[in-house]
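Taking it in order: structure first as structure tokens, then the write-up.
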Amino acid sequence: FDGYVFEVDEFTVTFDPIGGDPLNFTYGEELDVQFTPYVFEFEADPGFVATIGSPDFLAFLDPTLTVAYSGQDSDGDDQLDFFKSGIRLTMSPFEGFTVGASYGRAAENAADFNDVNGDNVLSSVFGVDGSLSLSIFDLGFEYASGTDPNATPTSESLLYVTLDVDTAGLPLLTSLSANYRDIPSVWVDDDDDTATPPTVNYGLMEEAADADYPFDEDQTGFKVSAGLGLFILDLDAYFDSYATTGPDQNTSAFGVDVEADLFAGFALTGFYHQVSVDGTVVDSTAAAGTERDNNNYDTGYGVGLVHDGAAENALISGLDLGFEYRQMEADFDQTELEATAEMDFDIAILSLTPYVAYESVNDADTGSDDTNTIRVGTGLSTDPLGVFFAPSLEAAVNYRSTNHSDAAVYTATEMQWSVGLVLNEFLFDNSTFTAKYGSWTGTNVADDAGVDVGEGATNISAGDDATTGTQSVSGYELVWNYFDLEMAYGVYTADEADAAGSSAGQVFSISYSVDF
């Protein structure tokens, strides 16, 4: 309406009584609340949060009570019809031990007062969690049970327990951890990006919340991992066994990785991994569709030799070398060879960081994607000059060429370069200004995976693609830094060989970080 000039979108009130912990009350339009990784959350939603600490007579329990409430407009009619409320209590009766209890409740179709229409859909969740540090042992757990009338079944529960051992004072053992987890196949349905709330929600969480889960959905099993150190030998081993429902399979994986420090910064490495699904050895959990928690267990073995240029006894200081030979997949018929070299060194006022890498992948199976890849490049920078603004130069050039054969015969290439001017004393102390121009050109590199083709934008992260032809991006960036404050502006243009054609974009950002 006319005359509207400002609004208050969040405020906090603190009541600080004599002899007790304060009561903090926050109201806002975009509040963030989360009780535990699996129980009760809302993000950037209108509502309030109240937190109270311990009165004097309960100080020995060190309790904290949190109450949260949010009302949301789920259908866009400017009427709040989805409500979520929760309460959480935590206590620490003695040092090293904390226990918490959470309860949450939500109602859909709740625009009518007191459910006069009789159509409210009520969901709830209850959970307990805790942590215990006892001597060298750290134990953590969480149990949660939720009900959702929209889901089948209408109720689900989850449990996980973790154990970590502080091995600092133990002989031989360098690390030891174990876990048990029983996580249902769907705790929060995040497939429908438009649903508010999510269509299935036992935990009363936000959509896509599984990115913050300690353990992914759809798995029941246990894992043990350990590390051993003996003289020059370091050994890491793991065993993981779990069942999944999508697909309905049992996965078992184990592996050993070994490194032996030799002399002059050199080290010898080796590994043996095996993963099986329903008793049959497979290439990897990703290929079998049973990968969980970003653990893409694989099958294979290999040996390698590395040189650490940063080691005190390095043969050549600053020179990093790596060589590895691997036989991969269930039948060990994929041969992989990788060699890398990179070095940091100074020549007068110049600092150079050249590198070169070669990788060969050859699979004996017909129709596989066999590749040979070479990467080469360098970075360059100069010391600041002792003149006004203390200018320095920086530059970089990188090149990749991958030759594909068998499955598809083609070559993919990438070429990137950039040059920049840095004013290290821009106007006043601790202020720098950088102006940079750069260009990237790729041939047979994926150009529009996950991006609307009509917008002309590109997404090269999908890897190589024999059908895309040549594309390029170029532009300039201006960046000003003052301590931890950064302001940046960039302008870029892109040109593709396919129907997307040309496009242009710009970006402006302000960021500031504070370390406590």
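The values are calculated or read from the model by the stated rules, or taken from the named source; none is laboratory data. These numbers come from a predicted model, not from an experiment. Here Cβ is always computed from backbone atoms with ideal geometry, including for glycine, and neighbour counts include all displayed protein chains. For the accessible areas, the whole protein counts, side chains as well, though only heavy atoms, and no ligand, DNA or RNA atoms are used. Shrake-Rupley method; radii C 1.70, N 1.55, O 1.52, S 1.80 Å.
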Q: Normalise the Debye intensity by I(0) for segment 197-355, one equal point scatterer per Cα, no solvent, then take log10 at q = 0.13, 0.17, 0.18, 0.19 Å⁻¹ and round to two decimals.
A: -0.81, -1.04, -1.09, -1.15
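Output the peptides 22-30, 504-512, 61-69 sorted from most to least packed, where packing is the average of other Cβ atoms within 10 Å over each peptide's residues.
Values: 22-30: 15.0, 504-512: 10.6, 61-69: 17.4.
The densest-packed peptide leads the list: 61-69, 22-30, 504-512.
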Q. If you plug each phi of segment 468-475 into the Karplus form 6.51 cos²θ - 1.76 cosθ + 1.60 with θ = phi - 60°, what whole-Hz ³J(HN,Hα) values come out, in order, with x for Gly and Pro?
A. 8, x, 10, 9, 8, 9, 9, x
Q.
Please report Rg (one decimal) and Dmax (integer) in Å for the Cα set of the chain.
A. 28.6, 82
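Give the peptides 217-230, 474-487 in descending order of average Cβ contacts within 10 Å, highest first. Please report the intermediate quantities before stating the final value.
Working: 217-230: 16.9, 474-487: 15.1.
The peptides rank, most packed first, as 217-230, 474-487.
As a test of the formula, what do you get for the chain when each DSSP H run with n ≥ 4 contributes -39,500 (n - 2.57) and the sum is divided by the residue count, at 222 nm and rounded to the nearest 500 deg cm²/dmol? Write out the running numbers ahead of the final one.
Working: 1 runs with 4 residues, N = 516.
The per-residue figure over the chain is 0 deg cm²/dmol.
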Q. Leu262 versus Asn114, label points 7 Å from Cα toward the beta carbon: distance in nm?
A. 8.3
Q. Across segment 170-178, in residue order, what do the Karplus-derived ³J(HN,Hα) couplings come to in whole Hz, using 6.51 cos²θ - 1.76 cosθ + 1.60 with θ = phi - 60° and x for Gly and Pro?
A. 9, x, 6, 6, 9, 6, 7, 8, 8
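If r is the Cβ-Cβ distance from Ala462 to Thr335 and R0 is 35 Å, what FRET efficiency results, to the nearest 0.05?
Between Ala462 and Thr335 the formula returns 0.90.
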Q) What accessible area per residue, rounded to a whole number of Å², is obtained for segment 235-385 using a probe radius of 1.4 Å? A) 52
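What number comes out for the charge environment of Tyr512, summing +1 per Lys or Arg and -1 per Asp or Glu over other residues with Cβ under 14 Å away? Present the calculation step by step, with values, prior to reporting the outcome.
Values: positive: none; negative: Asp484, Glu486, Asp515.
Charge balance in the 14 Å sphere: -3.
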Q.
Can you give the local net charge around Val419? Use residues other than it whose beta-carbon is closer than 11 angstrom to its beta-carbon, Lys and Arg +1, Asp and Glu -1.
A. 0
Q) Which FRET efficiency value, to the nearest 0.05, is calculated for Ala168 and Ser131 with the Förster distance at 22 angstrom and r the Cβ-Cβ distance? A) 0.70
Q | In nm, spacing of pseudo-spin labels at Val419 and Asn403 (7 Å Cα→C-beta vector) | A | 3.3
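What is the gain in length, in nm to one decimal, between Ala357 and Tyr180 on full extension, counting 0.36 nm per residue of separation less the C-alpha to C-alpha distance? Mind showing how you got there, number by number?
On the way: separation 177, 0.36 × 177 = 63.72 nm, distance 4.04 nm.
Stretched fully, the Ala357-Tyr180 segment lengthens by 59.7 nm.
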Q: Go through segment 213-221 residue by residue and turn each phi into a ³J(HN,Hα) via Karplus (6.51, -1.76, 1.60, θ = phi - 60°); whole Hz please, and just put x for glycine and proline.
A: 5, x, 9, 5, 5, 6, 6, 9, x
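Per the 1.4 Å probe, what fraction of the accessible area of the chain, in percent, lies on carbon and sulfur atoms?
Carbon plus sulfur share of accessible area: 58 percent.
Per residue, how much accessible area does segment 37-86 have with a 1.4 Å probe, in Å²?
Values: 2300 Å² over 50 residues.
Counting only protein heavy atoms, the per-residue value for segment 37-86 is 46 Å².
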Q) Could you state the number of Å between the C-alpha centres of segment 403-419 and segment 359-390? A) 12
Q | FRET efficiency for Leu230 and Asp515, using Cβ-Cβ distance with R0 set to 45 Å, rounded to 0.05 | A | 0.70
